[in-house]
Amino acid sequence: MRPYAAVRVRFSNADYENVCDRYGGGPDRLEQWRDLGDLLHGRAGWHFNVVNDGEALWCLGVLGSSLLSIDVDVDRGGFHCFDLLQDGDAWVGDLASVEAWLAPREDQAKQIPADRRAWMRADDWQLLKGFTFELQVSWSDGTYAAAATQLAEVAFGSTLEQALSNAAEMICSLFEAPRELASQLKLTVELDLSATRALRGL
């Protein structure tokens, strides 16, 4: 199974292909959406959505922001890339060029902006303690990986409990919060098939 087939579409029960067909230019552009899904699915911080009442888009940015975005150019084919920080667009013809465009930008787009850190720190960390962090957990080679999807970061552990504890401590570290707050963080956890099977001993 190709990676794109596992892409989650949060706003509906439709699968990735159907959404791209409907909102991404129809069957003529579908293979490019598949290739883009293969490239970005599972890459820390990237998420797929439909915005502006009908625009399919891959986005990167922490805590719901969208600092980088990539989509298939419906009219011309190829890929449209947008960098919010530099307020710049680029149109490229293949995935190698997408990767070249991402290389100098991706790490910066995963950083937590100073204003978001300040918000979390205010009022004795009340927002940090009240925010619900989403963790997506997978398992491979005896290790659980807990990806904090809103923060583009991953924590690991040999047990599920250890991975979740490490993720909570990682979140505190990212916001420069006291480590003892880790136990007070609100976490929601989604296990993929690999983690579910490992937890069940299958």
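The values are calculated or read from the model by the stated rules, or taken from the named source; none is laboratory data. Just so it is clear, the model here is predicted, and its values are computed rather than measured. No Cβ is skipped: glycine too gets one built from the backbone with ideal geometry, and neighbour counts run over all protein chains shown.
Annotations
- Residues that are among the small types (Gly, Ala, Ser) and either touching a residue at least 60 places away in the same chain (Cβ under 8 Å) or closer than 20 Å to residue 64 by Cβ (or both) within the stretch 169-194 comprise just one, 177.
Condition check ((1) surrounded by fewer than 17 Cβ atoms within 10 Å (Cβ to Cβ); (2) not assigned by TED's automatic domain parsing to the domain that holds residue 27; (3) not in a helix (DSSP H, G or I)) across all residues:
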| site | (1), (2), (3) |
| --- | --- |
| 85 | yes, no, yes |
| 124 | yes, yes, no |
| 128 | no, yes, no |
| 134 | yes, yes, yes |
| 139 | no, yes, yes |
| 150 | no, yes, yes |
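- Within the stretch 24-51, considering residues that are in a helix (DSSP H, G or I) and in contact (Cβ under 8 Å) with a residue 60 or more places away in the chain, the one nearest to the chain's Cα centre (by Cα): 39
- When restricted to residues that are at pLDDT below 85 and at negative phi, the stretch 8-50 contains 8.
- Candidates in the stretch 94-112 are the residues that are closer than 17 Å to residue 63 by Cβ and of a type in the set (A, V, I, L, M); of these, the one that is modelled with the lowest pLDDT is 112.
- Residues located in the stretch 73-101, provided they are more than 26 Å from residue 22 (Cβ to Cβ) and of a type in the set (A, V, I, L, M): 85, 96, 100
- Candidate set: the stretch 51-69, residues that are of a type in the set (S, T, N, Q), in contact with a strand residue (DSSP E or B) (Cβ under 9 Å, 6 or more places away or on another chain) and modelled with pLDDT under 90; chosen: the one farthest from residue 133 (Cα to Cα): 66
- Test result for residue 116, at pLDDT below 95, surrounded by fewer than 19 Cβ atoms within 10 Å (Cβ to Cβ) and either over 24 Å from residue 20 (Cα atoms) or in contact with a strand residue (DSSP E or B) (Cβ under 6 Å, 6 or more places away or on another chain) (or both): yes
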